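Shown next, in structure tokens, is the structure this report addresses.
Bear in mind that the values in this text are calculations on the coordinates, not laboratory data. What you see is a predicted model; the values in this text were computed from it and never measured. Methodologically, a virtual Cβ is constructed for each residue, glycine included, from the backbone with ideal geometry; neighbour enumeration extends over all protein chains shown.
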């Protein structure tokens, strides 16, 4: 069946807006489900985009908005919980990670099956694993597992010791899963956030887990991969890690941002015990700049096993080619931009 109209969950967010734009460029129509239409009025004038009111975490809303679409893209994800929970609690008390990353995939599968939709693209995360150290990574891993199981052509699946009986039925969906490293681009929650923190921090910038390595990937490259995968049957049943072309230590990323911002800051790698105390305090600050769960995620490198998947025909852009266009002085010369790439310590 040819795909024309796509329902995008999380389509009004940072990554979602880029995905919706790329879908239009590839000839698709997008339906964006949002809880606050008034907040996203600007999307209603985007060509090929329908913005509808609905709560992605409510089964009835998913059932209603999946009725006349050909495919679903789930981009919903959160980095910190407003309502924490535990896995041994009843489902309604397992917290925001469980609701957004585990229960939502279950509901997406159910609504897709009811609507007769076969094609589903799902956003997971690099390092997602049901046995990972952080609750964020575990919930993302469980959500990805649900999607994989939903793609199996079987009547049912064996019981799982991780989450009791089978997590979902094998519904025969054509599922593709993406596992990106940190995603950057104008308005991101990583480079932009640390640029603001660096401007407010005097002299010494305390940093936890400064040796942790990342392979940041540009949001436009991620969005293009989604748009190209949507109609490509070769991607059915596959999971793709998405990383940029270079790896960086966390501390080196902070140094690059500081130089772009024109601030002189010494990066101090904090001992783990002090980082834990800092996170315990900051997770109670509005906006939650750092949580203890995020600190657990930072304990593992966020890089890919190989280069950007060749199947998409994308030459991923490095940090140095994009970040200087939205961090610091945008009027700097090209010679200055290339200097940041030469100065960054990384693996080639």
> Could you give the angle, 0 to 90 degrees to the nearest 10, between helix 334-343's Cα long axis and the longest principal axis of the Cα atoms of the chain?
Replying inline: 90
> Given the Cα-Cα distance of residue 5 and residue 83 and 0.36 nm per residue of separation, how much length would full extension add, in nm?
Replying inline: 24.7 nm
> Classify the chain: rounded, prolate or oblate, from the alpha-carbon gyration tensor (a ≥ b ≥ c, eigenvalue square roots; a/c under 1.5 rounded; otherwise prolate if a/b is larger than b/c)?
Replying inline: prolate
>> Once R0 is set to 35 Å, what does the formula 1/(1 + (r/R0)^6) return for the Cβ-Cβ distance between residue 203 and residue 36, expressed as a FRET efficiency to the nearest 0.05?
In response: 0.30
> With axes computed from alpha carbons, what is the tilt in degrees of helix 14-25 against the longest principal axis of the chain, rounded to the nearest 10 within 0 to 90?
Replying inline: 60
> Among 78, 254, what is the fewest-to-most ranking by other Cβ atoms within 10 Å?
Replying inline: 78, 254
> Helix 104-115 versus the longest principal axis of the chain: what is the Cα-based angle in degrees, 0 to 90, to the nearest 10?
Replying inline: 30
> How far apart, in nm, are two points set 7 Å out from the Cα along the Cα-to-Cβ line at residue 46 and at residue 280?
Replying inline: 4.2
> Which order results if 73, 253, 37 are arranged by neighbouring Cβ count within 10 Å, fewest first?
Replying inline: 37, 253, 73
>> Quick check on the chain: of the DSSP beta bridges with both residues there, what percent are antiparallel, nearest 5%?
In response: 15
>> Restricting to DSSP H runs of at least four residues, report the calculated mean residue ellipticity at 222 nm for the chain, -39500 (n - 2.57) per run over all residues, nearest 500 deg cm²/dmol.
In response: -10000 deg cm²/dmol
> What is the distance in Å between the Cα centres of the stretch 261-322 and the stretch 1-48?
Replying inline: 28
>> Suppose each label sits 7 Å from its Cα in the direction of the beta carbon; what would the residue 131-residue 60 distance come out to in nanometres?
In response: 4.2
